[in-house]
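The values are calculated or read from the model by the stated rules, or taken from the named source; none is laboratory data. Since this is a predicted model, take the numbers as computed values, not measurements. For neighbour counting, all protein chains shown are included, and Cβ atoms are generated from backbone atoms with ideal geometry for every residue, glycine included. Keep in mind that these areas ignore ligands, DNA and RNA; they rest on the heavy atoms of the full protein, side chains included. Shrake-Rupley method; radii C 1.70, N 1.55, O 1.52, S 1.80 Å.
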Amino acid sequence: MTIAVIDYGMGNLHSVAKALEHVASEPVVITRDADVLQEADRIILPGQGAIRDCMHALEDTGLMPLVRTLLNDERVPLLGICVGQQMLLTDSEENGGIACLDYIPGQVKRFPNGMTDEQGNLLKVPHMGWNEVATIRSHPLWEGIASGTRFYFVHSYYVEAADRHHVLATTRYGDVDAHVAIVKGSNVAVQFHPEKSSDAGLRLLHNFVNWQPEQI
């Protein structure tokens, strides 16, 4: 089995690959080679920075049609990370409005300014640091991971899926219940960074690598 991290010039490619190598016995490759990606058994779609730049980079590298094909191939699980999650939605408010891959209906919205915590302290945007992830739907991705486990986040925009059926987990930040893990068919995506989330993040990557889509 081969695990392929899509190299379109955006995201923590090497840190994601290193984390995967830690939990998988299979080879991990960082590639933009269409043949390698089409033959891979697991796909990682990373993302970091502005979604406009990520979408443009995916287009400029010629990988946009291939990613759409991979998403619709139910045989091969794909994991989106951070902006790689946001890219799966219909569109984003960022940069004045950006069309995304429209694989899962919904929008990417900005955290509102002026949010406070339970003690009345002003919350910063971006949402940065460790926060609890509440699982709302069972899935092999969560095996050995308790609801309420903390993962590491860095984001100013969050996913709001149109159909809650696609939502695996949420995180509360101020007034927002962000949809931080989503699923459709054999594809899952998370807003947090598993590669930066210590043991829990490694366990999630281990679960993804070993997940057989027929388990759902």
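Overview of results
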quantity	calculated
Integer Hz, Karplus 6.51/-1.76/1.60 couplings in order for segment 94-103, x for Gly and Pro	5, 6, x, x, 10, 6, 10, 6, 6, 7
Amide hydrogen neighbours beyond the local backbone of Arg137, cut-off 5 Å, H modeled	none
Neighbourhood net charge (14 Å Cβ-Cβ; Lys/Arg +1, Asp/Glu -1) for Thr31	-3
24 Å Cα-Cα reach of Lys18 towards lysines, excluding residues that sit fewer than 8 places from it in its own chain	Lys196
Residue-averaged 222 nm ellipticity for the chain, from DSSP H runs of 4+ at -39500 (n - 2.57), nearest 500	-6500 deg cm²/dmol
Under 16 Å from Lys184, Cα to Cα: aspartates and glutamates that are on another chain or at least 8 residues apart	Asp73, Glu74, Asp102, Glu160, Asp163, Glu214
Potential extension, Asp177-Met1 segment - 0.36 nm per residue separation minus Cα distance	59.7 nm
Interchain or long-range residues, amide H under 5 Å from Asn187's placed H	Leu78
Solvent-accessible area per residue, Å², over the chain with all protein chains present [probe radius 1.4 Å]	44 Å²
Amide proton proximity set for Asp7, modelled H, under 5 Å, gap of 5+	Thr31, Arg32
Karplus 3J(HN,Hα) series, Hz, for segment 183-195 with 6.51 cos²θ - 1.76 cosθ + 1.60 (x for Gly, Pro)	8, 8, x, 8, 10, 10, 7, 10, 7, 6, 9, x, 5
Förster radius 41 Å - calculated FRET efficiency between Gln119 and Thr69, Cβ distance, rounded to 0.05	0.25
For segment 58-105, the spread of Cα positions along each principal axis, largest first, Å	35, 22, 17
Phi to ³J(HN,Hα) by Karplus 6.51 cos²θ - 1.76 cosθ + 1.60 over segment 54-71, Hz, x for Gly, Pro	5, 5, 5, 5, 4, 5, 5, 7, x, 8, 4, x, 5, 4, 4, 5, 4, 5
More than 26 angstrom apart: percent of Cα pairs within the chain	28 percent
Chain lengthening between Arg150 and Ser25 when straightened (0.36 nm per residue, less Cα-Cα)	42.4 nm
Over segment 89-138 - Rg/Rh using Cα atoms and the Kirkwood inverse-distance radius	1.07
Ratio of the Cα radius of gyration of segment 1-95 to 2.2 N^0.38 Å, where N counts its residues	1.02
Sequence of Tyr8, Tyr152 from largest to smallest accessible area, 1.4 Å probe	Tyr152, Tyr8
Shape call, segment 82-205: gyration tensor on alpha carbons, a/c limit 1.5	oblate
